[in-house]
Amino acid sequence: MSKQYETVIGLEVHIELATKTKIFCGCSTEFGGAPNVHTCPVCTGMPGSLPVLNKQVVDHALAIGLATNCHITRVCKFDRKNYFYPDNPQNYQISQLYLPIARDGWVEIETGGVKKKVRIHEMHMEEDAGKLVHDEWDDTSLVDYNRSGVPLVEIVSEPDMRSAEEVIAYLEKLRHIVQYLGASDCKLQEGSMRADVNLSVREIGSDAFGTRTEMKNLNSFKAITHAIEGERERQIELLEEGKQVVQETRRWDDNKESSHAMRSKEDAKDYRYFPEPDLVPVMIDDEWIARVKAREPEFRTAKLARYQKEYGISQVDAEILTESRNMAELFEAATALCKKPKKVANWLMVETMRLMKEHDMEPQDLRFSPENLAGLIEMTDKGTVNSSVAKEVFEHVFLENVDPQAYVKEHGLATVNDEDALRKTLEEVIAANPQAVADYKGGKEKALGALVGQTMKAMKGKANPGRINELLREML
Amino acid sequence: MDILSLSAVELGKKIKAGEISAMEATQATLAQIEKEEPRIHGYVTVDAQGALKQAEEIQGKIERGELTGPLAGVPAAIKDNICIKGRLTTCSSKILSNYKPTYTAEAVEHLQDAGAIILGKTNMDEFAMGSTTETSYFGPTMNPHNVGHVPGGSSGGSCAAVAARECYYSLGSDTGGSIRQPSSFCGVVGLKPTYGTVSRYGLVAYGSSLDQIGPITKNVEDCAAVLTAIASWDKKDSTSVKREDYDFMGSLKADVKGLRVGIPADYFTEGLNKEVAEAIRAAANVLKEQGAVVEEFNLSLVKYAIPAYYVIASAEASSNLERFDGVKYGYRAKDYEGLHNMYKKTRSEGFGAEVKRRIMLGSFVLSSGYYDAYYLKALRTKALIKAAFDKAFENYDIILAPAAPTTAPELGKSLGDPLKMYLSDIYTVSVNLAGLPGLSIPVGKDEKGLPIGMQLIGDHFQEKTLLRAAYTYERVTGKEAR
């Protein structure tokens with residue numbers, strides 16, 4: 001390769017919005033369920049049915065638009081995108097083309113310590129399609145409209161990204177913003193966040209864009225990274241051979257780790273967009289914008305800086321704690337109660353994450369209260385419970401949100417601080433383990449550990465191992 | 001007493017007074033249907049058993065005092081593009097010839113709540129596309145005044161059924177004149193309400209921004225009663241408008257003193273049949289004699305209404321009719337190879353020629369490269385037409401015009417020249433483009449005995465003014481369909 005090339009990437013990101021009901025009818029958006037149970041005349045395209053806009057969709061879209069520094073279209077409209085496919089019950093999708101809700105925004109990304117703005121061309125609201133189920137045995141296809149009418153926003157970036165790393169940083173940025181807003185859970189694997197990659201290459205220093213291709217069906221960051229690298233190489237190879245890149249849509253195959261052409265620009269569909277006559281324009285006034293703005297949370301970028309400054313938490317730890325808004329809020333609330341940020345951080349990053357992994361949970365599934373975590377931390381600090389009991393109690397806090405004080409009391413787990421009882425037990429242990437006692441006295445420090453263990457066992461774990469250690473040394 | 005000659009409101013009164021039962025009225029109407037249908041073919045489906053069962057239930061409710069409205073126990077018919085749960089709703093098309101909706105249209109629910117007995121579904125031009133009811137997959141409807149002539153369209157079945165006394169009133173739909181023109185041809189009263197007055201939920205869409213359901217009745221009083229029953233603000237229809245007043249019965253006063261009536265001089269051109277023109281002017285004189293201030297003016301932009309209408313209506317129709325694809329319901333071609341062939345064969349076999357023509361026209365005007373030149377230009381024309389009406393309503397309370405340039409044409413004479421047929425919508429389409437209310441009332445007959453209708457056009461939400469003027473005319477002249 002004699003020439004130096006630069007990759008130019010723009011993204012089209014679809015995000016499924018977290019509303020209880022669909023965008024144009026009252027059907028549930030709940031995932032799963034038997035085929036076609038979450039359907040009605042509207043989302044199955046029955047003749048005579050009419051769409052009615054779910055205001056919550058606009059609310060979420062507005063929040064995302066504002067958080068990504070977009071200009072909000074005060075009078076925005078819906079348009080019909082016409083194309084025939086069985087998962088699309090009306091054979092048109094209600095979307096926005098002419099007056100999308102948001103335009104001309106940007107988000108800041110950081111890669112390798114370098115900050116950069118990625119511009120957002122526009123964001124629009126639209127409805128999702130149903131799902132085709134192919135019955136190989138019967139050589140037929142069935143269609144499930146449960147997903148038909150689930151609300152989406154599509155965020156279209158400008159071609160501002162130059163590497164897979166920047167693409168991932170941009171997607172992470174969007175994901176954090178949207179998740180913090182509570183507008184979506186943004187799970188790539190489950191399809192609640194989907195990204196199509198538009199990519200072209202050009203010689204470094206060139207101002208003109210090369211011919212781009214669009215890559216679809218990218219279901220993970222790994223797939224996105226590999227697809228970008230593969231497509232860059234494929235296009236450079238074509239150019240090096242003196243061939244042309246064809247403007248086309250390509251489909252990524254995760255198993256083969258390669259893409260193939262789906263359709264070229266020549267057979268691109270004419271969607272015959274026109275204004276949706278069944279819906280009235282959406283009027284977004286100052287008051288609505290102010291209401292959404294007022295609800296805006298502190299975003300991750302701000303939290304990262306504040307955690308380091310205010311709580312003395314390291315960058316790495318702050319990144320872990322702020323990965324989700326739920327975790328960050330747990331951290332902040334528990335810290336406000338017990339004033340011990342590092343201990344709270346430790347419980348969240350070690351035990352909480354271990355249990356989340358064990359129970360296959362996401363941060364948004366966490367149900368325990370900051371009061372109970374803070375209470376447990378105070379109990380361990382006071383020595384009311386020792387650390388191994390604390391872990392045991394935490395498991396119940398984590399799973400059942402129990403009050404740690406009540407739980408410890410009920411199950412008799414408090415550390416025994418009765419010196420007489422402890423001395424009595426130690427005497428018994430010393431008497432019963434002459435060999436260990438002899439070993440210790442003979443200089444084997446390790447033997448003391450065995451005696452501490454025996455004592456803990458005899459006290460059913462409720463003693464303070466530090467105190468046992470002290471008393472043992474004293475008594476021997 | 002001839003039960004069938006009663007108006008809907010008169011029948012309702014007699015049922016309430018116990019002079020006639022809902023069952024007697026239903027049986028009499030069913031007998032009339034049996035007698036007249038071979039001649040008229042106004043219905044696609046008649047549900048005699050269902051009607052008798054409804055009559056029994058409704059009679060009980062009337063006797064128990066649960067139903068007290070003016071339409072309780074009165075038999076009615078519904079145009080076959082308005083959904084009724086579990087009953088065939090075909091739009092007079094092969095592609096929906098087996099389709100039974102899973103829900104009932106909002107307007108029909110209101111009629112059912114008012115105690116209507118639904119006799120059946122009436123014939124129409126396929127998907128409401130046509131001006132003669134000849135494009136129906138089930139064959140044409142004949143004009144009760146002369147069965148050698150068409151009833152008009154697209155609500156030809158609904159109008160013919162009222163005129164032939166096969167029901168006391170019916171619902172039609174009007175996208176470009178589909179209530180007013182056949183009402184004119186059949187000598188009945190038909191009203192297209194202000195856009196947004198009657199919910200479109202459950203009306204199979206043709207041109208969504210133009211469609212309105214409206215009453216077709218024997219006289220003006222019935223028209224007001226049916227409109228009162230079906231008009232509502234419906235959250236299921238985003239284009240539905242919340243009006244201040246839904247009681248139209250209060251407008252029934254024979255008084256037009258000082259009413260400012262404008263006649264568009266530019267409607268009275270060479271295309272207008274002489275007999276029709278004379279009848280309309282004579283009718284205007286009746287209102288003048290009653291104290292109305294009648295004068296002529298130029299509405300302007302008249303010749304642009306037809307092209308703008310056919311571009312917009314066809315564009316919307318091409319999209320609205322995409323859902324009829326053989327996948328989910330309705331007709332599916334028997335033999336096909338794969339998905340695209342199934343779509344192609346189903347739609348080729350399922351739609352008639354006029355529907356295909358409009359789908360092609362609509363698809364064309366929305367195509368990239370043509371959108372601005374046709375669709376956008378039509379939208380701008382629509383805005384100009386609306387502005388012309390707004391200006392006219394600064395000077396006039398109502399606009400008085402013909403409903404159609406001729407009386408009902410002979411059967412079989414219209415479809416051969418679609419362009420000529422389209423041009424016959426000249427007096428009605430602009431009312432839909434501007435979203436205005438329009439009413440057609442019979443004002444006379446031509447020398448062949450075919451009815452002539454006068455159209456009264458009002459400003460937005462001025463149905464009461466139209467009803468009052470029409471009621472005055474009806475009282476003074478005694479002209480009613482009986």
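Taken one residue at a time, the phi angles of region B:210-222 give Karplus couplings (6.51, -1.76, 1.60, θ = phi - 60°) of 10, 5, 9, 7, x, x, 10, 9, 7, 8, 6, 4, 4 Hz. Gly and Pro are set to x.
Cross-link partners for B:Lys448 among the lysines, with Cα-Cα distance under 19 Å and sequence neighbours closer than 8 places in the same chain left out: B:Lys274, B:Lys413, B:Lys479. Accessible surface for the protein assembly as shown, divided over its residues, is 41 Å² per residue with a 1.4 Å probe. Dividing the summed -39500 (n - 2.57) terms of all DSSP H runs of n ≥ 4 by the residue count of chain B sets its mean residue ellipticity at 222 nm at -12000 deg cm²/dmol.
Computed from phi, the 3J(HN,Hα) profile of region B:420-434 under the Karplus parametrisation 6.51, -1.76, 1.60 (θ = phi - 60°) reads 5, 5, 4, 5, 6, 8, 4, 8, 10, 5, 5, 5, 5, 4, 8 Hz, with x in place of Gly and Pro. Using the alpha-carbon positions of region A:5-288, Rg (one decimal) and Dmax (whole number) come out as 19.4, 58 Å. Taking every alpha-carbon pair in the protein assembly as shown and binning the separations at 20 Å intervals from zero gives 12, 34, 26, 18, 7, 3, 0 percent.
Taking Cα atoms only, the orientation of helix A:164-181 departs from the longest principal axis of chain A by about 70 degrees. Working from Cα pairs under 8 Å separated by at least six residues, relative contact order for region A:5-288 is 24 percent. Expressed per residue, the C-alpha convex hull volume of chain B stands at 137 Å³. What angle, in degrees between 0 and 90 and rounded to the nearest 10, separates the Cα long axis of helix A:465-475 from the longest principal axis of the Cα atoms of chain A? On a 0 to 90 degree scale, this one is about 20.
Using a/c under 1.5 as the rounded threshold, could you call region B:349-388 rounded, prolate or oblate? The axes a ≥ b ≥ c are square roots of the C-alpha gyration tensor eigenvalues, and prolate needs a/b larger than b/c, oblate otherwise. It comes out oblate by the Cα gyration axes. Pairing the Cα long axis of helix A:370-382 with the longest principal axis of chain A, what angle in degrees results, from 0 to 90 and rounded to the nearest 10? That works out to roughly 30 degrees.
Per-residue shielding of B:201-207, expressed as the average number of other chain Cβ atoms within 10 Å of the residue Cβ, stands at 4. Under a 5 Å amide H cut-off, with hydrogens placed 1.01 Å from N, A:Leu218 pairs with A:Ala195 among residues at least 5 apart or on other chains. If R0 is 22 Å, what FRET efficiency do you get for B:Ala254 and B:Met1 from their C-beta distance, rounded to 0.05? The formula returns an efficiency of 0.30 here. In terms of distances greater than 30 angstrom between alpha carbons, the cross-link table entries A:Lys216/B:Lys100; A:Lys77/A:Lys131; A:Lys269/B:Lys356; A:Lys293/B:Lys386; A:Lys55/A:Lys222 yield A:Lys216/B:Lys100; A:Lys293/B:Lys386; A:Lys55/A:Lys222. The H on the amide N of A:Val143, modeled in the peptide plane, is under 5 Å from the matching H of A:Val133, each at least 5 residues off or on a different chain. Both numbers refer to the Cα atoms of chain A; Rg and Dmax are 29.8, 94 Å. Association of chains B and A removes close to 2800 square angstrom of accessible area from solvent, both sides included, for a probe radius of 1.4 Å. Judged by the mean number of other Cβ atoms found within 10 Å, the most tightly packed of the peptides A:203-215, B:467-479, B:68-80 leads the ranking B:68-80, B:467-479, A:203-215. Per-peptide packing, taken as the mean over residues of other Cβ atoms within 10 Å, places A:447-455, B:213-221 in the sequence B:213-221, A:447-455 from highest down. Full extension of the chain between A:Lys3 and A:Ala336 gives 114.1 nm of extra length, using 0.36 nm per residue less the Cα-Cα distance.
Carbon and sulfur together cover what percent of the accessible area of region A:298-410 at a 1.4 Å probe radius? Of the solvent-accessible surface of region A:298-410, carbon and sulfur hold 51 percent. Shielding by partners for peptide A:83-89, expressed as the average number of C-beta atoms from other protein chains within 10 Å of each residue's C-beta, is 4. Among the GluC sites (Glu not before Pro) in region B:33-104, those placed in a DSSP loop whose Cβ has at most 12 other Cβ atoms within 10 Å are B:Glu66. Neighbouring Cβ atoms from other chains, within 10 Å of the Cβ of residues in B:367-376, number 2 on average.
Annotation: cysteines of chain B without a disulfide-compatible partner (Cβ-Cβ under 4.7 angstrom) are B:Cys83, B:Cys91, B:Cys167, B:Cys223.
For the peptides A:46-55, B:115-124, B:16-25, A:115-124, the ranking by mean Cβ contacts within 10 Å, running from highest to lowest, is B:115-124, A:46-55, A:115-124, B:16-25. The mean sequence separation of alpha-carbon pairs under 8 Å and at least six residues apart, normalised by the residue count of chain A, gives a relative contact order of 13 percent.
Evaluating 6.51 cos²θ - 1.76 cosθ + 1.60 at θ = phi - 60° for every residue in region B:350-361, the Karplus couplings come out as x, 9, x, 4, 5, 5, 4, 4, 6, 5, 5, 4 Hz, glycine and proline recorded as x.
Placing a pseudo-label 7 Å from each Cα along the Cα-to-Cβ vector at B:Thr477 and A:Asp381 gives an inter-label distance of 9.4 nm. For A:Lys243, a cut-off of 19 angstrom between C-alpha atoms picks up these lysines, skipping any fewer than 8 places away in its own chain: A:Lys3, A:Lys265. The alpha-carbon of A:Lys342 sits under 27 angstrom from the alpha-carbons of these lysines, leaving out residues fewer than 8 places away in its chain: A:Lys173, A:Lys303, A:Lys309, A:Lys357, A:Lys382, A:Lys391, A:Lys409, A:Lys462. The overall shape of region B:67-123 is prolate: from the C-alpha gyration tensor, with semi-axes ordered a ≥ b ≥ c, the ratio a/c is 1.5 or greater and a/b exceeds b/c. Carbon-plus-sulfur accessible fraction, chain B (probe radius 1.4 Å, protein heavy atoms only): 51%. A straight line joining the Cα centroids of region B:378-427 and region A:188-206 runs 53 Å.
Scanning residues 5 or more positions from A:Ser49 or on other chains, those with amide H under 5 Å from its amide H are B:Gly202, with H placed 1.01 Å from N in the peptide plane. The distance from the alpha carbon centre of region B:1-72 to that of region B:140-181 is 19 Å, rounded to a whole number.
Classify region B:426-482: rounded, prolate or oblate, from the alpha-carbon gyration tensor (a ≥ b ≥ c, eigenvalue square roots; a/c under 1.5 rounded; otherwise prolate if a/b is larger than b/c)? Oblate shape, in that a/c is at least 1.5 and b/c is the bigger or equal ratio.
The values are calculated or read from the model by the stated rules, or taken from the named source; none is laboratory data. Remember, predicted model here, so these are calculated numbers, not experimental data. No Cβ is skipped: glycine too gets one built from the backbone with ideal geometry, and neighbour counts run over all protein chains shown. Note: accessible area is taken over every heavy atom of the protein model, side chains too, but ligands, DNA and RNA are not part of it. Shrake-Rupley method; radii C 1.70, N 1.55, O 1.52, S 1.80 Å.
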